[in-house]
């Protein structure tokens, strides 16, 4: 009986260690947090609006497609409230204002839920550049609409779906 117990103890210790280690290894780093809570989020006069990744489409168009001769991000959702963003900002830490024609002028255009934007009222920054399908792009934005609504905490944080 003592021999059986002596043989079982190391086996049980090994089995316990395997179970403990296996249950703690789920493929993620223990301190790893999701990149962003939402694919699109922003506040208009303090009211938060969000869109999840499943309803957002993000594309990259090559520079030779437009007069600005820079790659273009095209990010949108048709889910209410609608959100449609284009920018000819291409690189990490690049900053721009709102432009009416992003195809011929360097800058960004944002339309959401048919709210007009004043030319110099919004600022955008590429927080994280993307260049391939599956890459995460992060673009922060804030400013004021034509009607005087204040946009704060704007963040596009989505994965590229299509590379043209």
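FRET efficiency for the residue 144 to residue 47 pair, using the beta carbon distance and R₀ = 22 Å, is estimated at 0.90. Taking 7 Å steps out from each Cα toward its Cβ at residue 153 and residue 74 produces label points 3.1 nm apart. Stretching residue 103 away from residue 161 to a fully extended chain increases their span by 18.8 nm, per 0.36 nm per residue minus the current alpha-carbon distance. According to the Kirkwood relation over distinct C-alpha pairs, the hydrodynamic radius of region 33-163 is 14.5 Å.
No lab work stands behind these numbers, since they all come straight from the coordinates. Nothing here was measured: the structure is a model prediction, and the numbers come from that model. No Cβ is skipped: glycine too gets one built from the backbone with ideal geometry, and neighbour counts run over all protein chains shown.
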